[in-house]
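Structure first, then comments.
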Amino acid sequence: MASLYPEVIRTLILEDGNMLTLMPETPEKQKWMASVKAGSDSVRANLATGGREKAAQEWLDLNTRPGTWEKAPARVKQIILDNIGTATESGERGNISCADIQKFNFPVLLLNGEKSPKLYGEMFTIMRQCKPDIPAPLIVPKAGHNMHRENPVFYNKGVLDFLNQH
């Protein structure tokens, strides 16, 4: 939305934003893309055979850490089960360019989990090279990709502070 219609955006908050199109072609990017595709293929296959819970478990564990599903509260599992049909992407999302980012004339908050895959931080670095006035990411301690769940006190304070300023 921000890349297509930057004029309607007041502020932007990106939590481990996926901007793979900004990344150069590297073996690490290819590995990441293959992992996303394999995960999405597995989710689709499990959904096709009625394995909704298995699909949800694999998706959550892939996007966080192995074993996360087992530790997740029932309400979190239900949210994922309710939305698992949307988790079958190809890995091509985040189709954004430096030219798109340079049109961002609004405050941006980048959030990156301390334990998130390092590729997210690398994407933010490249994003900031495109538009250097975007502040460095707020690093959410003791949290990975699900930072809003893994460290909600720190995460919520950072988001609320940003919104109060903008």
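The values are calculated or read from the model by the stated rules, or taken from the named source; none is laboratory data. These figures come from a predicted structure and were not determined experimentally. With ideal geometry, Cβ positions are generated from the backbone for all residues, glycine too; neighbour counts draw on all protein chains shown.
Based on this model, can you work out whether E53 counts as among the acidic types (D, E) and surrounded by fewer than 16 Cβ atoms within 10 Å (Cβ to Cβ)?
So E53 fits the description; yes.
Would you confirm, using the coordinates I've provided, whether N156 is outside any loop (DSSP other than H, G, I, E, B), buried (at least 17 other Cβ atoms within 10 Å of the Cβ) and modelled with pLDDT of 90 or more?
No.
Quick check on my filter: what residues within the range 41-50 are buried (at least 19 other Cβ atoms within 10 Å of the Cβ) and in contact (Cβ under 8 Å) with a residue 40 or more places away in the chain?
V43
Condition check: of a type outside the set (S, T, N, Q), at pLDDT 95 or above and on the phi < 0 side of the Ramachandran plot. Does P135 satisfy that?
It is true that P135 is of a type outside the set (S, T, N, Q), at pLDDT 95 or above and on the phi < 0 side of the Ramachandran plot.
Has the range 9-22 got at least one residue that is modelled with pLDDT of 80 or more and over 28 Å from N164 (Cβ atoms)?
Within the range 9-22, one or more residues are modelled with pLDDT of 80 or more and over 28 Å from N164 (Cβ atoms).
Being in a loop (DSSP other than H, G, I, E, B) and in contact (Cβ under 8 Å) with a residue 40 or more places away in the chain is the filter here, so list the residues in the range 116-136 that pass it.
S116, P117
Is there a residue in the range 104-111 that is assigned by TED's automatic domain parsing to the domain that holds A136, in contact (Cβ under 8 Å) with a residue 12 or more places away in the chain and surrounded by fewer than 17 Cβ atoms within 10 Å (Cβ to Cβ)?
Checked against the condition, which is being assigned by TED's automatic domain parsing to the domain that holds A136, in contact (Cβ under 8 Å) with a residue 12 or more places away in the chain and surrounded by fewer than 17 Cβ atoms within 10 Å (Cβ to Cβ), the range 104-111 yields at least one hit.
Looking only at the range 5-40, count how many residues are in the same structural domain as H145 (by TED's automatic domain parsing), among the hydrophobic types (A, V, I, L, M, F, W, C) and free of Cβ contacts under 8 Å to residues at least 60 places away in the same chain.
1
Which of the helices (runs of 4 or more DSSP H) contained wholly in the range 24-115 include at least 2 residues that are more than 19 Å from E150 (Cα to Cα)?
Ranges flagged: 27-48, 52-63, 74-83, 98-102.
Taking the range 137-153 on its own, how many of its residues are exposed (fewer than 14 other Cβ atoms within 10 Å of the Cβ), of a type in the set (K, R) and either outside any loop (DSSP other than H, G, I, E, B) or in contact with a Ser or Thr (Cβ under 8 Å, 6 or more places away or on another chain) (or both)?
Total meeting the criteria: 0.
Restricting to the range 82-132, name every residue that is closer than 18 Å to N63 by Cβ, basic (K, R) and at pLDDT 90 or above. Walk me through it before giving the result.
From the range 82-132, those closer than 18 Å to N63 by Cβ are 82-94, 111-124; that's our starting set.
Okay, now just the ones that are also basic (K, R), so 93, 115, 118.
Selection gives K115 alone.
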